[in-house]
């Protein structure tokens, strides 16, 4: 079982050494991150604002970098997850994280699954069911049903193969997605008219602020991912028998993080070159947006590009759906254990059952939300990303405190430059949240 694998120990003296033994959590990080924030939000940013929000995309990555790096760094330094780091700061810190996680986990899972269903439904499920005679001409499978089927299939994969299958499958999907997206963006880049595409916002108003918040909330990912990453790092150590060093975990993280930046910019370019200035508004419905996206790419690049774009988009969202479905139950089960004063790295029947219990709850909640928001992809995504944005200032501060605490050996603590960037990030997210809240409630 996946959670039993994650929580058991491992004898470093018998481990397989080297970077390739440690490679994986950073790819899972990228697999979870590169999804709605890229395929939907980055494409919408390019479609509506051209290249004007490229600077914000880069800034969001930079301001989250220290806090996101601290997840695997803390695991490498202490052999524990960030949940233990929060618990050592006080029960109120762990409790605050729990409130943020519970407040966002159902919308996160529902949003990524619904977008995946919007791609898999029209391009795979409906043609197969039509060929079998289950669907008539012009009929389609409700997306929430496709989403439920996807979640059940992901549960089966995790139950059968555990962390090993998750690690391998996501690496394969990431390779397909990264190559396909970069190729598509490179082909389209010469067609981008820079003289007609703004590279800076021409005006600052409430709609821009609201979209900017929705964009950076999951750019490159919600901050919950730092805890997920620390737990994946522990699971990887167990799976390979090799405890990653500081250098190995940093390199693994930077590979995944660099993929996030490159592909976010690629999707902005695709949105700007194919939609900006055309008068075509991004569709709000899940199926409409997916079909519009692939249809526009095909019309611009040629019919040959349809399999490339469809495969790339499905790989983006499939990797996100399965990694998030593993991460949230893994986190909540460990959260309950740590809150009770237990050891999240220990193997126990209670922890294993907790993992699957939380997974069933997540699936049920996500299916319910998908059935209510199917017709409005934009509203659901903006709700999920905005909720994540509001929790960002707290989580970057918690991670900073964990990484500079006494339980982290001196050689593992951040350098002065990284500390300065971390403090800058904390100030940035606090200021951004204050501006958003005051503008929303008081008015511009």
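The values are calculated or read from the model by the stated rules, or taken from the named source; none is laboratory data. These figures come from a predicted structure and were not determined experimentally. For neighbour counting, all protein chains shown are included, and Cβ atoms are generated from backbone atoms with ideal geometry for every residue, glycine included.
Please verify whether residue 115 is in contact with a helix residue (DSSP H, G or I) (Cβ under 6 Å, 6 or more places away or on another chain), under 29 Å from residue 188 (Cα atoms), modelled with pLDDT of 90 or more and part of a helix (DSSP H, G or I), treating the condition exactly as stated. No. Looking at the range 12-111, the helices (runs of 4 or more DSSP H) lying wholly inside it that each contain 1 or more residues that are at pLDDT 85 or above, under 30 Å from residue 146 (Cβ atoms) and over 18 Å from the mean Cα position of the chain (by Cα) sit at 43-49.
Name the residue, out of 225, 261, 255, that is surrounded by fewer than 24 Cβ atoms within 10 Å (Cβ to Cβ) and closer than 20 Å to residue 388 by Cβ.
Numbers: 225 fails: surrounded by fewer than 24 Cβ atoms within 10 Å (Cβ to Cβ); 255 fails: closer than 20 Å to residue 388 by Cβ.
Only one candidate qualifies: 261.
Looking for something under 27 Å from residue 67 (Cα atoms), in a helix (DSSP H, G or I), out of contact with any strand residue (DSSP E or B) (no Cβ under 8 Å at 6 or more places or on another chain) and modelled with pLDDT under 90 - is there at least one such residue anywhere in the range 358-379? Give the derivation first.
Looking only at the range 358-379, we keep the residues that are under 27 Å from residue 67 (Cα atoms), and these are 358-359, 362.
Still in the list and also in a helix (DSSP H, G or I): 358-359, 362.
With out of contact with any strand residue (DSSP E or B) (no Cβ under 8 Å at 6 or more places or on another chain) added as a condition, the list becomes 358-359, 362.
Imposing the further condition that a residue be modelled with pLDDT under 90 reduces the set to none.
For the range 358-379, residues under 27 Å from residue 67 (Cα atoms), in a helix (DSSP H, G or I), out of contact with any strand residue (DSSP E or B) (no Cβ under 8 Å at 6 or more places or on another chain) and modelled with pLDDT under 90: absent.
Looking across the range 90-112, just one residue is in contact with a helix residue (DSSP H, G or I) (Cβ under 8 Å, 6 or more places away or on another chain) and more than 25 Å from residue 217 (Cα to Cα), and that is 91.
One line per residue, one yes/no per condition, for (1) more than 23 Å from the chain's Cα centre (by Cα); (2) more than 30 Å from residue 94 (Cα to Cα); (3) in a helix (DSSP H, G or I):
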residue: 179; (1), (2), (3): no, yes, yes
residue: 188; (1), (2), (3): yes, yes, yes
residue: 198; (1), (2), (3): yes, yes, no
residue: 201; (1), (2), (3): yes, yes, no
residue: 215; (1), (2), (3): no, no, yes
residue: 247; (1), (2), (3): yes, no, yes
residue: 253; (1), (2), (3): no, no, yes
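To keep it simple, each residue is scored yes or no on (1) farther than 30 Å from residue 257 by Cα; (2) touching a residue at least 40 places away in the same chain (Cβ under 8 Å).
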residue	(1), (2)
77	no, yes
86	no, yes
97	no, yes
116	no, yes
130	yes, no
134	yes, no
137	yes, no
143	yes, yes
152	no, yes
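With the structure loaded, tell me whether residue 235 is over 13 Å from the mean Cα position of the chain (by Cα), crowded, with 24+ Cβ neighbours inside 10 Å and not in a helix (DSSP H, G or I) or whether it fails that test. Taking the combined requirement at face value, the residue does not satisfy it. Taking the numbered list (1) assigned to a helix (DSSP H, G or I); (2) modelled with pLDDT of 80 or more in turn, residue 341 passes all entries but (1).
For the range 191-230, give me each residue that is modelled with pLDDT of 80 or more and farther than 30 Å from residue 439 by Cα. Result: 227, 228, 229, 230. If you scan the range 112-132, which residues turn out to be closer than 14 Å to residue 149 by Cβ and crowded, with 24+ Cβ neighbours inside 10 Å? Of everything in the range 112-132, those that are closer than 14 Å to residue 149 by Cβ and crowded, with 24+ Cβ neighbours inside 10 Å turn out to be 113, 114, 116, 117, 118, 119, 120, 121.
Going residue by residue through the range 318-338, is there one that turns out to be at pLDDT below 80, touching a helix residue (DSSP H, G or I) at 6+ places or on another chain (Cβ under 7 Å) and crowded, with 23+ Cβ neighbours inside 10 Å? Give the derivation first.
The initial filter retains those residues of the range 318-338 that are at pLDDT below 80, namely none.
For the range 318-338, residues at pLDDT below 80, touching a helix residue (DSSP H, G or I) at 6+ places or on another chain (Cβ under 7 Å) and crowded, with 23+ Cβ neighbours inside 10 Å: absent.
Does residue 354 qualify as being within 23 Å of residue 67 (Cα to Cα) and assigned to a helix (DSSP H, G or I)?
Details: within 23 Å of residue 67 (Cα to Cα): no; assigned to a helix (DSSP H, G or I): yes.
In short, no.
Kindly check whether there is at least one residue in the range 130-141 that is modelled with pLDDT under 85 and at positive phi. The answer is yes; a qualifying residue exists. Contact map, the range 416-444: residues that are surrounded by 15 or more Cβ atoms within 10 Å (Cβ to Cβ) paired with residues that are modelled with pLDDT of 85 or more and in a loop (DSSP other than H, G, I, E, B), Cβ distance under 8 Å, separation 6+ or inter-chain. Pairs shown: 419/404; 422/414. Take the conditions (1) surrounded by 15 or more Cβ atoms within 10 Å (Cβ to Cβ); (2) under 20 Å from residue 315 (Cα atoms); residue 179 misses just one of them, which is (1).
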